[in-house]
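Here the structure comes first, spelled out in structure tokens, and everything after it is commentary.
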Amino acid sequence: MSGHPLTPIFEPRSVGVIGASADPEKRGYQVVAALQRSGFAGPVYPVNPKGGEILGLTVARDVGEIATPPDLVYIATPAASVPDVVRACGLAGVRGAIVPAVGFRESGEEGAERERRLVAVARETGIRVVGPNTSGLLNTHIGLHMVGGEPLVPGHLAIVSQSGNVALDLMTSAAAGPVGVSIYVGPGNESDVAFHEILEFLGGHEPTRAIVLYLEGVGDGRALYETACRVTATTPIVVLKGGRSDAGERAARSHTGSVAGSYAVFRSLARQSGMIEVDASDELLPVGEALALQPAPPALDGASGFVVISDGGGHATLAADRFACLGVPLARLGADTREALEGFLGPAASARNPVDVAGAADRDPSVLVRVVEIAAADPHCAGILLSGLFGGYAIRFAESLAAAEREAADGLADAARAASVPIVVHSLYAPRAPDPIARLLELGVPAHGSLEIAATCCAALARRAGLAASAVTAPVDGAVPPAAFEAPGGLEPAAGQDDAAHAGRWLTEVEARDLVARHGVPIITGVFCHDEDEIGALPDFEGLRVLKIVSRSLPHKTEAGAVRLGLRDQRELIQAFRDCSASALRYLADGPDAGVDGAREGASTGTIEGALITEMLPTPLAELLVGARRDPAFGPILTIGLGGVDVELFGDVAIRALPVAPADIEAMCRELARAPLLFGYRGAPAIDMAALCDAACALGRSLEASPELIEVELNPVFAYEDAVVAVDAAGRATDAVESPAADDLLRPDDDGTAPLRCAAERGGKL
């Protein structure tokens, strides 16, 4: 990694401490002391205008006095002085700075302006800045210690945390664990050095075997996603996200000054990129250690999975239940394996998976070794969870078992290693740290007192092999999407807004339909009319039986009573237009709080442009929602879910980063809670998945090709056995959007035909 831009920060040859102090209670003293205790091999330069000596080191009065500028400086000065100090360091040739001071954007507008100055200085001078508001940095392999506390033994787990307290908890626990810490860094406000740059460095850091990440908000979510796609191909990343709830998101803003963003989007893109997300702080370190210690299981066929081995039926049952919740399949053991287990264990045991040895190990712990050997040899065994009393047989039954139990620990590790499958142990006695458990940890076998945490570690290992039923393969190339996907201008939030949720303007349905149709989305036949006179002049088109009011202030029309179905002739069309217009105007007059998704801000002055009259399709197999939008944090994303008027009620959606391939679309559909409705349920036909993939990819292309477009949505999309057709389209764009006027789109031509072709004419089968 010598050529990486962050090498001077993570692997500096020399370090300066700006604001060094002779007072042991101040950071400027503590960092110098920590570097000396940790054995940092390079020179350490204390800097303070008063000069003097600190801990045997001569104090430079200014960074410019140092003959060879240090690679990295720790700035232990108040926030107000930081921009000027960073400028002086950058001009002197320093390449990296650690800024722990608070008082930047997390503290209000004055601090935000100070942070903007800091970033400008960094850009101007070329110095890279970690922080501000960082808890520090360490690299145990070179004795670089800028966090505080005692030196740590060099290890293999990298920790990146936006919280100092969370980091301290992780490092304290990891120091006593089997893996240890390689690098720790707190990104702080992430004003310059960003999460994705840190992950990129760690992905190429040879001693690091796994990365654990705690984050609340992220400055460039798209870059984080793309970098994770590349890094997770070789180095596991385990992530815990703070700010998942509304209350947590507000706390994250006050804590780091970052907008946590949509958790649903983060969760989906984390999975898509190959990151492994955990739900609780006590899972983060165990999962990271398991991934650093154990090999990923081989990706086998549908019969593959984990084998649960227990010396009690209760834990076997609970483990199977937990695996089911986590999406970890149980291996289908072959007949030869079951016969071998039955012959070895006898009739009291259960040879099916979960395997219950029924107390056979109580007098001879080596029984477990032989059971693991037999199970691991089965071609469908991708990993093993051993649950029960191991480590406590000598405590519970007889001290004479102690030597045999320690030998069994070696045997368990050897058996799994010989079969190249991972093994995780749950033991009731793990909290007491008996000798056999300590031996397992020495041998790299994770052992936990919590069955749930042990099962979660197995689930993470399964994810690394793609075994879990919900696993999604991350993009292999991590390619940056086309430049047209970049967020358009005009997304800058208005005063008092947290993001771009209300930026831009809504398109009329007519405009949205034309935009998506031009990119290949199959959409229902329709004719636009300004008023009832134009409706009366329509020829008697067979099938034109639905009327919808067209208004920029009504992106969603059902709530406004602006839709009528089952109309039979022009008389009913005209009456429907009158009724729907009156209903829509009443709805618009009720005030902005009556709208949907903030779309009707100032809508009491909204106008009605006319009506869209469409054919009425037969009842579909399913109604879907397909949407594409530019997420403020994570860039362009695609959403697919069960649609219709109840979409908000059920919230059954799957999300991916754009661009996507057809295989991604099918995987998204299989994630939905009501997926069986799409793939054939109780003899019903499956929807035309190929047609849905084409339509969803076409919608993504419409976002790609229209840089002014903020979001576009098809809801509902009627899915049939042999076609899909979008029934309604909505979109939002910047004010700079270039779209045809409604007059030029869907009004009848002089010969009475509709210029917008029907789904069949677009290549569909309806």
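Here is how the numbers come out for the structure above:
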{"item": "Candidate set: segment 351-365, residues that are of a type in the set (A, V, I, L, M, F, W, C) and in a loop (DSSP other than H, G, I, E, B); chosen: the one nearest to A375 (Cα to Cα)", "result": "A351"}
{"item": "Test set (1) in contact with a His (Cβ under 9 Å, 6 or more places away or on another chain); (2) closer than 25 Å to G111 by Cα - S38 fails condition number", "result": "(2)"}
{"item": "So H196, is it farther than 17 Å from V130 by Cα and out of contact with any strand residue (DSSP E or B) (no Cβ under 6 Å at 6 or more places or on another chain)", "result": "no"}
{"item": "Residue match in segment 79-88 (condition: in a loop (DSSP other than H, G, I, E, B) and surrounded by fewer than 19 Cβ atoms within 10 Å (Cβ to Cβ))", "result": "no"}
{"item": "Residue identified as outside any strand (DSSP E or B), closer than 19 Å to A465 by Cβ and either in the same structural domain as A358 (by TED's automatic domain parsing) or among the β-branched types (V, I, T) (or both) among D414, D378", "result": "D378"}
{"item": "Residues being of a type in the set (S, T, Y) and under 22 Å from A303 (Cβ atoms) - total across segment 343-379", "result": "1"}
{"item": "Criterion violated by G388 - all others in (1) in contact with a Gly (Cβ under 9 Å, 6 or more places away or on another chain); (2) modelled with pLDDT of 95 or more; (3) of a type outside the set (D, E, K, R); (4) on the phi < 0 side of the Ramachandran plot satisfied", "result": "(4)"}
{"item": "Criterion violated by T68 - all others in (1) exposed (fewer than 13 other Cβ atoms within 10 Å of the Cβ); (2) closer than 28 Å to A112 by Cα; (3) not aromatic (F, W, Y) satisfied", "result": "(2)"}
{"item": "Verdict on G103 being surrounded by 16 or more Cβ atoms within 10 Å (Cβ to Cβ), more than 24 Å from S38 (Cα to Cα) and not assigned by TED's automatic domain parsing to the domain that holds E216", "result": "yes"}
{"item": "Within segment 1-28, considering residues that are without any contact (Cβ under 8 Å) to a residue 24 or more places away in the chain and acidic (D, E), the one nearest to T68 (Cα to Cα)", "result": "D23"}
{"item": "Flag for S400 being polar (S, T, N, Q), surrounded by fewer than 24 Cβ atoms within 10 Å (Cβ to Cβ) and over 18 Å from L461 (Cα atoms)", "result": "yes"}
{"item": "Every residue from segment 35-51 that is more than 14 Å from T68 (Cα to Cα), free of Cβ contacts under 8 Å to residues at least 60 places away in the same chain and in contact with a Gly (Cβ under 7 Å, 6 or more places away or on another chain)", "result": "N48"}
{"item": "Evaluation of T172 against (1) farther than 13 Å from T134 by Cβ; (2) of a type outside the set (D, E, K, R); (3) in contact (Cβ under 8 Å) with a residue 40 or more places away in the chain (one fails), failing number", "result": "(3)"}
{"item": "Residues of segment 403-444 that turn out to be among the hydroxyl-bearing types (S, T, Y) and crowded, with 19+ Cβ neighbours inside 10 Å, as a count", "result": "2"}
{"item": "Meets criteria (aliphatic (A, V, I, L, M) and in a loop (DSSP other than H, G, I, E, B)) for A20", "result": "yes"}
{"item": "All helices (runs of 4 or more DSSP H) inside segment 638-712 with 3 or more residues being modelled with pLDDT of 95 or more and under 23 Å from D514 (Cβ atoms)", "result": "689-704"}
{"item": "Residues located in segment 39-88, provided they are of a type in the set (S, T, Y) and under 35 Å from the mean Cα position of the chain (by Cα)", "result": "Y74"}
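The values are calculated or read from the model by the stated rules, or taken from the named source; none is laboratory data. In this text, all values refer to a predicted model and were calculated from it rather than measured experimentally. Glycine gets a Cβ as well: all are built from the backbone with ideal geometry, and neighbour counts include every protein chain shown.
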